[in-house]
Amino acid sequence: MSTTILVVEDEPAIQELISVNLSFAGHKVLRAFDAEQAQTLIRAELPDLILLDWMLPGASGITFARSLRSNERTRQIPLIMLTAKGAEHDKVEGLDAGADDYITKPFSPKELIARIRAVLRRRAPQLTDDIVEVGNLRLDPATHRVSGGTKALSLGPTEFRLLHFFMTHTERVFSRAQLLDQVWGDHVFVEERTVDVHIRRLRKALEPSGHDAHIETVRGAGYRFAVQPQR
């Protein structure tokens, strides 16, 4: 699944190498040479993952990482630190600043792609192509197919993304605003009631196999995907 990755790296040759390999792997790449440029890009479009160099002109990568983690809007973005500092105390400092992983230069493009996949699988499974199964409800992101038992189900693209997010975040309650940010993207401006429309469509699409009850309304809070729904 294509994801948007922000590469914050001040060395042009390394930035180019990383960006080309990420593009070949199917990702959309945003580039910044320092924290200020990165912040401008983030204000316009929230990336799915950030690759952040430790040594940057102006604010360091560590300082920027702490800033990202202290901001409600950017707190949950998966973050991988890139650095030539390989000492254990440096790695600890990077992880304490909020990094999800830490890659020491030099590294191979294959290792980088593998680390990105691992972090996304752990932090944002809805952005991977891994097949998701809850009971006998099965969703395949690669083929865009959903089935309930032996019955194939037909979902629109928004309902598919909504179901994918729910199935990778079961039992948690999400407000309309949170679903808009996670499924539509925080740079898309639509009314919160739009979520209700698509929830109804999703339930309708899941009715043929009897899985519509998994989508529960939590009064005054939002919606939840229940693994064992109560009818």
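A few notes on this one:
- Scattering curve values for the range 132-225, log₁₀ I(q)/I(0), Debye with Cα scatterers, q = 0.14, 0.26 Å⁻¹: -0.46, -1.54
- Angle of helix 61-70 to the longest C-alpha principal axis of the chain, folded into 0 to 90 degrees and rounded to 10: 30°.
- Restriction of the chymotrypsin sites (Phe, Trp or Tyr not before Pro) in the range 117-202 to DSSP coil positions whose beta-carbon has at most 10 other beta-carbons within 10 angstrom yields F189.
- Among residues other than A205 with Cβ under 9 Å from its Cβ, the summed charge is 0 (Lys and Arg +1, Asp and Glu -1).
- Shape of the range 27-155, Cα gyration tensor, a/c cut at 1.5: prolate
- Over the residues of the chain, the helix contribution to mean residue ellipticity at 222 nm works out to -11000 deg cm²/dmol, using -39500 (n - 2.57) for each DSSP H run of at least 4.
- Computed over the chain with a Gaussian network model linking Cα atoms closer than 10 Å, the most mobile of H89, H164, H27 is H89.
- About its Cα centre, the dipole of the range 132-225 is roughly 220 debye, where the only charges are +1 on Lys and Arg Cβ and -1 on Asp and Glu Cβ.
- Evaluated over the Cα positions of the chain, the convex hull gives a direction-averaged projected area, one quarter of its surface, of 13.4 nm².
- Positive-end residue, the range 132-225 charge dipole about Cα centroid, Cβ charges, pick of L206, F165, H144: L206
- Percent antiparallel among DSSP beta bridges (both partners in the chain, rounded to 5): 50 percent
- Gap separating the Cα centres of the range 191-219 and the range 140-160, nearest whole Å: 14 Å
- Listed residues L17, L127, L153, most fluctuating in the chain (Gaussian network, C-alpha, under 10 Å): L17
- Reachable lysines from K28, criterion Cα separation under 22 angstrom, eight or more residues apart if same chain: K110
Only the coordinates and a few stated rules stand behind these numbers; no lab work does. Since we're looking at a predicted model, the values are computed, not measured. Methodologically, a virtual Cβ is constructed for each residue, glycine included, from the backbone with ideal geometry; neighbour enumeration extends over all protein chains shown.
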